[in-house]
Structures are given as C-alpha cells and as structure tokens.
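The values are calculated or read from the model by the stated rules, or taken from the named source; none is laboratory data. If you're wondering where the values come from, they're calculated on a predicted model, not measured in any experiment. FYI the Cβ positions are ideal-geometry reconstructions off the backbone, even for glycines, and counts take in every protein chain you see. All accessible areas refer to the heavy atoms of the entire protein, side chains included, with ligands and DNA or RNA removed. Shrake-Rupley method; radii C 1.70, N 1.55, O 1.52, S 1.80 Å.
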Amino acid sequence: MSEAGQNEHTIIGGRYRMVPGVRLEEFDRPHVEAFGAEDLREKDRPLIALVARRGRPVRDDWLRVVRRIDQPGLLRTVEGGVIDPGDGKGRRFAVILERPLGGRVIDWLKTDGQNRDDLELSRLLLRPLIAALKALHDARMAHRTISLDNLYFADLARTRIALGDCLCGPPGEGQPIAFESVERAAALPAGRGEGGPREDFFALGALFASALARQVPGLESADAAADLMRRRLERGSYVALTDRARFGTDVGGLLRGLLSDNAEERWGYEEVRAWLDGRRSIGAMHSTRPQAARSFVFKGVEHTNAMSLATALAQQWRESLRVVIDEKLDGWVARAIGDERRGNMITQAIAAGRVDAGPGGDATLARVLAALDPDGPLRLRHVAVMKDGLGPLIAVAFLDDDRDTRQAMAEMLMEGLPMIGLSLVDPNDQTKRRLAQSEMADFMRLRGFVAEPMMGFGLERVLYDLNPTLPCLSPLVAEAYPQTVPDLLMALDHRARGAGRGTAPVDRHIAAFIATRLSISYAGALRGVVVGGDGEASERLAQLNLLSLAQETEPQTRVPMLARWLVQRLGPVVQSYNGKTTREWMEKELERVAPLGSLSALRAIVDNPERREADSRGMANARAAHAQLSFGIRRLNETRAARRLEAQNFGRQVAAMLGYMILLGVLAALTLGDV
Amino acid sequence: MAKKKTAARGKPAKQKGMTLPLIFLAVLGTLAIFATPTALVLAIGMAPSLVAVFMENRPGAYTAKCITACNMAGVLPVLRDLWLTGHLMSQARMMVGDPIVWLQMYGAAGVGWSLVWLAPMVAGVFADAGHDRSVARLEARQEKLREEWGDSITG
C-alpha cells in the first residue's frame, strides 16, 4: 500500500490520524492495541489511538454518546471509526482518545500510591469516577469496562484519575471476574451482557476494594477464580472480595453498599456522593442472596442459595440431571426456598422434557436451571450467558468459529430459555410485567429466526439482529468491515476483481446481514427472493435478487464489477429459458448492462415474469407444432406406397390418353390424306 | 364372410373385364362374314391388342386401351390401303405377308406397350420425389423448432 493510500485509510473523521508506526504497548489491553495518534488541525494535542483487535465485537453504537461526555473521570473520546492500520489484518474499529499523560493507576498504586490512606484514595478515585459514570448513566449507557488496567492519570501531575475506553470490546469482558456482579460473573466473559448502572457501581466498589488491597482477587489462576466465585455465592461478594482486608468503618460501609449482591440495595450515585460529602452511612448488612431454609447437598457441598446450586450443577453438567430428578430439586425449591411457582416450573420441565443423556436431556436440565436461578445466566452445557449478553457472545462464537458455542446458543433460543425467567416475573408488578412481555416478544422473534433454515435466517440472522453495528462477517468481505448495505455492496464489488465463477457472491452471512438491515423480519417476505426452488439456476437467481434488493436501498451505488461477477454466474439462469432467441438476447443485454453496475437492470433482464410466461407459452406452442409435424411426416410415410400406386395408375391413364391421341392423330392424317 | 364380400366385389369386375374381349371377338366374327379381307388384316394386325385385352385385369383397363389405340393407329393405314385397292382377299393376303406391314402394325402396338411401361414408372418417380420433398420440408420445420427451443420439445 502506498504511503498516501495508507494515510488515507488511517484517518478518522477527516481530522484525526492514527500513526501506525508508533506503537504504544503500555496502553495495550486484551483485544486492544494502542498506537500514536495526531490531530491534523492541532498538532500538539496529545492523543492516543486504540484499535480493536480482530475477533471481538465492539460497542461502536455508543460512540456518539461517549463523544458527547466531557468529564474529568473519563478519558475524552474525541473520535471513532473504521481504519486500516496497514498490517494486513484488514479494517478495524478504532477510537481516538486524549492521551493519559500520567500513566496507569495500577502502576502508581504499587509504587508512589502505597502510602496513601483509604480516605485520601477514596476521594482521589471515587469523586471523578462517579461523576463520569453518572454522565454515562444519564445517557442510558453503562461503562462496563471498569478495571484497574483501564484506569489512568489524565495529567502529568497525577491529580486526575480517569477511566479509559469502553467501546473496543464486548461489555464486561474486560472486567476481572471480581468486578462483575455475582450473576454476571457466572457467565462467560463475552456473555456478561450490557448491564446498567448497578453493574457499573458494583465494579466501582470492586475497583476501590482492589485499589485499597493493591491487588485484584481471583486473577491468579482459574482455580482462584472458581474459589472466589464459590465464596461469593455462599458468603456474599462483600465478604469474599474484602476477605482479610482491614478498612476503617467508613470505608467498610461504603464497600458494603457498593458490593451488595442485592441489586435493589446496591449503592448508586446519590449514596456514594453523600458518603464522599461526609454523610457517612453503612450499606445493608444483608448483602447476600436469599438463603434457603435448609441446604441442598450436591457432591458433598452444601448449597444454601439457588444461584450457588445452579452454578455447581452447571459445572457438573453430565451428572446433574440425574441428581435434579433423584434428589427432588423441585421440592427443595418449593419448600426450602419457599418459591412454589419456580418449584412447579421445575416439575413441569422434568415432566415435559427428556431425561436421558444427549441434546434432549441437555435441554431439560437447561430449563430446570433457568427456573432454579432466573436472575442468573442461561446455562446450557459449557455455555453460560446473560440474556442481554446473547448478542456479543454469539458474535464472539462466530468470530472465533466456535461451533459448539454457536450450537448451544441456537439450542438456548430454540428451547426458549430466556423466556423461562421472564415468565417468573411477579405478576403484581405491572412495570416489570410489561417489560417482561416486551422482552418475551423479542425472544420469540429470535426463536423464529433460529427455527427458519432458509438463507437470511438462522443463528446468523440473530447475530446481526442483536448486534446492529456489527460488520458483515462473511469471509468474502470481512476485511473491508462493511457496516451498511451500500458498504457491503462496495466490498463485494471490490472482492469481485479476484472472484472466480465458482465463488458465490452471497453466503448465509451476507443474506442475513442484508435481511436484517432491510428489516425483513418474516420468512415469507424472503421466500421469493432467496429460495426460487431447486437447482443451480434458482440459487443464482436468488443471489441476484437479494443483492438487487440491497442495492435498491441506495440506487446510486453502482457496482459494475459485482454485476460482471453475477453475469458470469447467470449462465444457468439464462439456460433455464427455452427459447434460443430469448437466451441470445439475454446474453447480449446482460453484457451491455453489466458495466452500468445496476443489479436491478440485470434482474429485470433475467427475472421478468412476462418474459418467463412468454417463453413457457412459446415452448408449449413449439411442442405442439413439433408433434403436429411429426404426425404429418408419419402420415406421409404411411401413405407413400398407396400414393405411388395411385401415381402409377394415373400414369396408365396418361398412357391410354396418349394412345388415343396417337390414334386420333393417325385418323386425322388419314382423313386429310397425308399418310 | 370376408371371402364372400371379396367374391361379391370381384364378380362384376370379372364380368366387366370379359365384356371387352367378347365385343372384340363379336366385331371380328361379324367382319369375317361381311368383310373378310378387313377381318383378316384386323385379326392378324390387332393380335397384340387382343392379347392385352385378354390379359388386362386392372380396373379401367388402361393398358389394353393404350395398346389397342396405338395398335389401331398402326393398323388403320393398312386398312385404308386395303380399302383403296379394292378390298380384295388377295390383296389382304399380300399385305399380311409383308413384313413392313407387320412392323407397322406391331411396332405401333409396341409403342403402346412402351407408353404403358414408361408412364407409370415416370409417374411413380414423380410421386416419390414429391413425397420426399414434402417430408424434407416438414423435417426442416421440425429442425428449426428444435434449434430454437431445444431437444426437449420432442419430450
């Protein structure tokens, strides 16, 4: 790539340029690479470019919200967009942020920050951060990337602490397990979900606790994380996360408020602000999840709450279903937890489903766990995902080509797992009930998408539906990062230069991407477009029809190379017409129209119902005429001998006439006296 | 039943076929009584016709008619000479003894035979040619249809 071309591709918003040659590895985070950046108008402005690595969905739909926020506690996001760093890995999303001049807070905590007392640290840390979070929450967005390695000193003097980027990855994935609320911590990192202010304030509490302890619990190993999770489930997050740490009473009260496992009781902006202003109060003492009257013993471990038990059962998936049935889990839920509705739901799930090994048994256990722990993640085999984390996790499963996870996600939607928790909402709470009904309708729609095998639907359709700004992941165009239908068409046009006749320009990703962007939400609307019937001709015509439909959204987008690609593949469609004259006309017209780059024009040539009808009629007439001619020939051959005889007889008559004429001639001659 | 029908159909044809020779013989018999020299010339000169008349079994008897007409055309000049030279028996005997006369009479009959042989053959050739032309025309139209609509139109 030329330098000019490279420059062009590294400019965001026409003003900010990422500098590919300047790597800033000290600002790298998992799935984010840091580079130098410059403002083309203000050369002295210190900026940094964070480029999302391939393989992770990003939250670019929140870019406009984040750009508007100017708070000291949040590194200013000045611009964002898609660039090509020129490293051969294709185009990626990147954000330009103000450069944190004082470095990472975590490094400072281990050195100069060692001597700061708890209250001083709380003022330094919490005051700017709660203001930044409030600004985000007021815009209905949660940060969800709150962690010590994403916390910086914005200034050289290290007086201003600010949170870093929150757009370059799935929500919650970048947070340590200790920073996630207990429900979301049980989910896979990419499936922790969008969350809300309560999740951000929990993460803030965990961040503060970690800053005080100068370490993040659960990061040492997978066992440490599992142990932390177990302790959080049994003893509550506050106890588990502040284990063996000694705080002053004030700070302890603040942490108890922020780290409450009961989301309703958890402290928010007002409480933390009041605490910082000196109106000290103490968070609720009962910060753990509701406890059962008696424990349920599974694998020798006593579980006293539903989430703890659900997590343990999900970890021992193969053996759990038998235990659930034999140990009468439904009775435990109904009596020990005191929730008869959930108990009944478990009974129904076991009665209605299969209880043997295999997919049927998996579905039954998944339904049981969804009823057992309606606030926790949806669990199926190795997958645990929050309802609002389905989109990012499906995206990661596609980006990582993780078939097992994709299969599990499709089964979850087909089994209606998200709807089980929603059906357990308190019927007397009108607001929650309405919200649940609306969510239920959404999940029903998604289930319909998964159930439909037609191209344009399936799990790919769910992927683009739940990730509205995700670029099309088709291998044909993924490098170009197309986020809109015209971008996709242009990417295909570019791809067409190297495409052979054997490569189809539409795959399941492209079909689903277009269907989502065109809001074609029911299969019937696509039936005539993407499935024409059996055979190669129908398939290729369907591809043309879908792309033509896509082009109609912005008819000024011209794609001559894509049109040429399609024309090369339209042979079977042209051959499906019977009339040679029609076919020759079509071939000539397609060649003529292709350079114009209008797919509708191509479609009008090969997919005209009147022409098709005329062709069929012509074929029928030709068949009839051919049959009639065959009959005529047969008839002629059959009568050949008879006609010959008739002709010979006629010859004899002629001979007789000639004889008479000779006789008459002789008579005449004799009469006239010449002979 | 079928045999009966065939017989019923064949009977009148046979009767009709036998009428002409009988008339021929009756005329000759009458002439032998009243015009013996003429009858002699006719009996000898028209012998090919008599054979043809007896052999003819096709409806219309065009072979016999053609040969008879030609034969008659060859015999008539001989008769005219006979009648112009007095219609004498001696003259008649002299004439029938003349090979040139024989050649004239039988040659004319031969022309008749030739016509009968050639005319059906030529007519047959023309009929075959016409038939072939018609078939070729229909096949060409079929080929044109096949070329436009493909081989599947035969299905």
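What total accessible area, in Å², is buried where chains B and A meet, using a 1.4 Å probe and rounding to the nearest 100?
Summing both sides, the interface buries roughly 3500 Å².
Taking the highest mean first, how do the peptides B:66-74, A:511-519 order by number of other beta carbon atoms within 10 angstrom per residue?
Per-residue mean Cβ counts within 10 Å order the peptides as B:66-74, A:511-519.
Separation between the A:LEU645 and A:GLN575 pseudo-spin-labels, each 7 Å from Cα along Cα→Cβ, expressed in nm?
5.1
Largest first, what is the accessible-area ranking of A:TRP585, B:TRP83, A:TRP317, A:TRP62 with a 1.4 Å probe?
Order by accessible area, largest first: B:TRP83, A:TRP585, A:TRP62, A:TRP317.
Which of the residue pairs A:LYS110/A:LYS387; A:LYS299/A:LYS387; A:LYS134/A:LYS387; A:LYS89/A:LYS588 have a Cα-Cα distance greater than 30 Å in the structure shown?
From the list (A:LYS110/A:LYS387; A:LYS299/A:LYS387; A:LYS134/A:LYS387; A:LYS89/A:LYS588), the Cα-Cα distance tops 30 Å for A:LYS110/A:LYS387; A:LYS89/A:LYS588.
R0 = 45 Å: FRET efficiency of B:SER152 with A:GLN556, Cβ-based, nearest 0.05?
Given R0 = 45 Å and the Cβ-Cβ separation, E is 0.60.
Angle, helix B:36-45 long axis vs. longest principal axis of chain B, Cα atoms, 0 to 90°, nearest 10?
So the inclination is approximately 30 degrees.
Given the DSSP H assignment, sum -39500 (n - 2.57) over each helix run of at least 4 residues in chain A and divide by its residue total; what's the result at 222 nm in deg cm²/dmol, nearest 500?
That comes out to -16000 deg cm²/dmol.
Using the heavy atoms of the protein chains alone and a 1.4 angstrom probe, what is the accessible area of chain A per residue in square angstrom?
Normalised by residue count, the accessible surface of chain A is 44 Å².
On a 0 to 90 degree scale, rounded to 10, what angle separates helix B:99-149 from the longest Cα axis of chain B?
10
At a 1.4 Å probe radius, which order do B:HIS87, A:HIS137, A:HIS494 fall into by accessible area, largest first?
A:HIS494, B:HIS87, A:HIS137
Calculate the FRET efficiency for B:ASP98 and B:LEU118 from the Cβ-Cβ distance with a Förster distance of 30 Å, rounded to the nearest 0.05.
For B:ASP98 and B:LEU118, the calculated efficiency is 0.55.
For A:GLN348 and A:GLU26 in the same chain, what is the full-extension length gain: residue separation times 0.36 nm, less their Cα-Cα distance, in nm?
Full extension of this stretch gives 110.5 nm more.
Taking θ as phi - 60°, what are the ³J(HN,Hα) couplings along the range A:382-388 by the Karplus curve (6.51, -1.76, 1.60), each to the nearest whole Hz, with x for Gly and Pro?
7, 9, 9, 8, 6, 4, 7
Contour minus end-to-end for A:ARG592 and A:THR159, with contour as 0.36 nm per residue of separation and end-to-end as the Cα-Cα distance?
This chain segment gains 149.0 nm when fully extended.
Please give every one of the aspartates and glutamates within straight-line cross-link reach of B:LYS65, meaning a C-alpha to C-alpha distance under 12 Å, and leave out same-chain neighbours fewer than 8 residues apart.
Those aspartates and glutamates meeting the cut-off are B:GLU56.
Name the residues whose placed amide hydrogens come within less than 5 Å of the amide hydrogen of A:THR10, ignoring near sequence neighbours (fewer than 5 apart) on the same chain.
A:ASP84
If you fit an axis through the alpha-carbon atoms of helix A:249-258 and take the longest principal axis of the Cα set of chain A, what angle between them do you get, 0 to 90°, nearest 10?
20
Please list A:GLU173, A:GLU638, A:GLU584 from largest to smallest accessible area, probe radius 1.4 Å, with all protein chains kept in place.
So the residues, ranked largest to smallest area, are A:GLU638, A:GLU584, A:GLU173.
I'd like the distance separating the alpha-carbon centroids of the range A:361-376 and the range B:77-155, in whole Å.
106
Would you work out what percent of the accessible area of the protein assembly as shown, with all protein chains in place, is carbon or sulfur (probe 1.4 Å)?
Answer for the protein assembly as shown: carbon and sulfur cover 55 percent of the accessible area.
How much accessible area does B:MET94 have with a 1.4 Å probe, in Å² rounded to the nearest 10?
Around 120 Å² of this residue is reachable by solvent.
Suppose R0 equals 60 Å; then what is the FRET efficiency for A:ILE325 and A:GLN114 from their Cβ-Cβ distance, rounded to the nearest 0.05?
0.65
Taking 0.36 nm per intervening residue step and subtracting the Cα-Cα distance, what contour gain separates A:ARG45 from A:ALA624 on full extension?
Result for the pair: 200.2 nm of gain on full extension.
Could you state how much accessible area B:ARG141 has, in square angstrom rounded to the nearest 10, with a 1.4 Å probe and all protein chains kept in place?
For B:ARG141, the solvent-accessible surface is approximately 140 Å².
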